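Report on the structure given below.
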Amino acid sequence: MGKTILVETSARHVHLSQADLETLFGKGYVLTNKKDLSQPGQFACQEKVTVIGPKGETKMSILGPTRAQTQVEVSLTDARSLGIKALIRESGDIEGTAGCKLVGPAGEVEISCGVIAAKRHIHMTPADAQEFGVQDKDIVSVEVKSADRSLVFGDVVCRVSDSYALAMHIDTDESNAAGAPCEGIIIKWGVLAIIIIFQPEIRTLLEKMGQTKLEVKKEISNDEKERLMDELVDAISTLAKEQTGALITFERGQSMIDYINTGTKINADIRSELFLTIFWEGTPLHDGATIIQGDRVACAAAFYPPTNKELSPKYGARHRAAIGISEITDSLTVVVSEETGTISFATNGELRKIPIKELRASLVNELQWFKSSDEGGQAHES
């Protein structure tokens, strides 16, 4: 077993600039250290502010010392309660993020940006990084164990500095999902949650999955094709606009039954609302892939062997999984980035971005069931 890492739950909090601190609490005000935190020089403060969004408000603790820019860190559940779309960002990366109002005993501040859901991360010293075999900004997966909710967190960024102490930080949503873990182990950097897929003999076995050719299915009527395409375009477009991460795979020539068996079987009609429900962060099904067979949603929460290619750190577990499954089957996988809302198609081991305005035409071009017709006609866009 590898070296363990302290896992700390970071509840919603605010970092203030000196200027905003004085506006909220008075000129020359100095924060009161209530409790030292695990990171050197960081402390929880006695003071609190009220954070106000379009739908609600809540009191939040302040963490010191002051910073160059004010930043509000919330969980996605907190953000929904406030009516704020919080982007998942590293601390300090606030350009283009949402704003809010802060109210203190001496005044109020309207910030134009700075509300984020912090990307899960590990603080470590250069010596720690060397021991774990990682570098600053590497993306890793961390296995955490608890009484009943052990799991693996993917997309964990390593933050390396002499000023840090070794600790992993997750927010309250993530902590609740994992049963409030207190320690974790890095299992592999830049990978999906299932570590066994990186063992060569297991990957070889998985690569043999799906080699069975798919039997020809009954044709879908042209009217039904149009309805299905409307539902798919609406769902994927909405997920992209709301920056909800998603992984949707379309079975084509080769059977996906072995991968369907890794997920939760659904066998449901293709409906936009179903995809929005599956990929909402609050559901237990959102982390894996949803697989479509013909005109049915076969399963959700399926897992794929990720690619072994060297990819940019900007690509997370979903993109790696999408490329991985496209390397060993002839499927089409649609990926929606939760960071940017970008839509990408993965086929033949390659990833390409698809603008929303080209989404329908691109799906029509890729899906054989849409292009084929038992009525002799040709599929068209409406």
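The values are calculated or read from the model by the stated rules, or taken from the named source; none is laboratory data. Quick caveat: nothing in here was measured; it's all calculated off a predicted structure. With ideal geometry, Cβ positions are generated from the backbone for all residues, glycine too; neighbour counts draw on all protein chains shown.
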Problem set entry | Failed item, numbered, when E8 is tested on (1) over 30 Å from S141 (Cβ atoms); (2) buried (at least 16 other Cβ atoms within 10 Å of the Cβ) | (1)
Problem set entry | Any hit, the range 131-139, residues being of a type in the set (G, A, S), modelled with pLDDT under 90 and more than 25 Å from P40 (Cβ to Cβ) | no
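Could you list all residues from the range 45-59 that are in contact (Cβ under 8 Å) with a residue 12 or more places away in the chain, part of a strand (DSSP E or B) and either charged (D, E, K, R) or within 16 Å of E110 (Cα to Cα) (or both)? Steps first, answer last, please.
So the first thing to find is which residues in the range 45-59 are in contact (Cβ under 8 Å) with a residue 12 or more places away in the chain, and the list is 45-58.
In the following step, the residues that additionally are part of a strand (DSSP E or B) were identified as 45-52, 57-58.
Answer for the range 45-59, where residues must be in contact (Cβ under 8 Å) with a residue 12 or more places away in the chain, part of a strand (DSSP E or B) and either charged (D, E, K, R) or within 16 Å of E110 (Cα to Cα) (or both): E47, K48, V49, T50, V51, I52, E57, T58.
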For this session: Only residues in the range 252-269 that are within 14 Å of A302 (Cβ to Cβ) count as the first member; pair them with residues that are surrounded by 17 or more Cβ atoms within 10 Å (Cβ to Cβ) and among the aromatic types (F, W, Y), Cβ under 7 angstrom, at least 6 apart or cross-chain, and list the lot.
Result: Y259/Y304; T262/F303
Seminar exercise, completed: Taking the range 82-108 and keeping residues assigned to a strand (DSSP E or B), out of contact with any Lys or Arg (no Cβ under 7 Å at 6 or more places or on another chain) and either in contact (Cβ under 8 Å) with a residue 60 or more places away in the chain or crowded, with 16+ Cβ neighbours inside 10 Å (or both) leaves L87, G99, C100, L102, V103
Problem set entry | Pairs where the first residue, in the range 279-293, is free of Cβ contacts under 8 Å to residues at least 24 places away in the same chain and the second is part of a strand (DSSP E or B) and of a type outside the set (A, V, I, L, M), C-beta under 7 Å, 6+ apart | L285/T264
Problem set entry | G28 vs. criteria touching a residue at least 60 places away in the same chain (Cβ under 8 Å), more than 30 Å from T340 (Cβ to Cβ) and either more than 25 Å from the chain's Cα centre (by Cα) or in a strand (DSSP E or B) (or both) | no
Exercise. Of all strands (runs of 3 or more DSSP E) completely enclosed by the range 221-301, which ones contain at least 1 residues that are at pLDDT 90 or above and crowded, with 16+ Cβ neighbours inside 10 Å?
Worked result: 246-250, 289-293
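Could you look through the range 141-195, keep only residues that are among the polar types (S, T, N, Q), at pLDDT 80 or above and part of a loop (DSSP other than H, G, I, E, B), and pick out the one that is nearest to D128 (Cα to Cα)?
Among them, the one singled out is S161.
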